[in-house]
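Following: one structure in structure tokens, then a few remarks.
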Amino acid sequence: MTSHRRFRDVRRIGPVQVASYLTRGRNRHLAACTAPRCDFSAEYDSRAAAELAARTHRCQP
């Protein structure tokens, strides 16, 4: 089954994009790095945690 998420409140913090979405009746938050060859992405229960991850993320060389 393909999951189509509708992201809202998308914000860029450095190379990381933070977005919120609704899944199974719960708000979830995603932080994903857009830098080339960086595979960082993670889901969080709170927007604050996703934004903290975005502010502290450092791409690995």
Rounded, prolate or oblate: pick one for the chain, where a ≥ b ≥ c are the square roots of the eigenvalues of its C-alpha gyration tensor, a/c under 1.5 means rounded, and failing that, prolate if a/b is larger than b/c, else oblate. prolate
Which value, in debye to the nearest 20, describes the size of the charge dipole of the chain about its Cα centre when Lys and Arg Cβ atoms bear +1, Asp and Glu Cβ atoms bear -1, and nothing else is charged? 160 debye
³J(HN,Hα), Karplus 6.51/-1.76/1.60, whole Hz, each residue of the stretch 53-58, x for Gly, Pro: 4, 5, 5, 9, 5, 10
Fully extended, how many nm does the chain gain between Q60 and R37 (0.36 nm per residue separation, minus their Cα-Cα distance)? 7.4 nm
What number, in percent, do you get for the relative contact order of the chain if the mean sequence gap of Cα pairs under 8 Å and at least 6 apart is divided by its residue count? 27 percent
With only helices counted (DSSP H, runs n ≥ 4, each -39500 (n - 2.57)), the per-residue ellipticity at 222 nm for the chain, to the nearest 500, works out to -5000 deg cm²/dmol
At 7 Å along the Cα-to-beta-carbon direction for both L22 and D45, put a label point, then send me their distance in nm to one decimal. 2.1 nm
Phi angles of the stretch 10-18, converted by Karplus (6.51 cos²θ - 1.76 cosθ + 1.60, θ = phi - 60°) into ³J(HN,Hα) in whole Hz with x for Gly and Pro, give 7, 9, 9, 10, x, x, 9, 9, 10
How much area per residue is accessible in the chain when the probe is 1.4 Å and only protein heavy atoms are counted (Å²)? 77 Å²
Collect residues whose amide H, placed 1.01 Å from N in the peptide plane, falls under 5 Å from the amide H of F40; neighbours closer than 5 in sequence don't count. C33
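The values are calculated or read from the model by the stated rules, or taken from the named source; none is laboratory data. Here the structure is a predicted model, which means the values were calculated and not measured. Glycine also receives a Cβ, built like all others from the backbone with ideal geometry; neighbour counts cover every protein chain displayed. Side chains included, ligands, DNA and RNA excluded: accessible areas come from the protein's heavy atoms. Shrake-Rupley method; radii C 1.70, N 1.55, O 1.52, S 1.80 Å.
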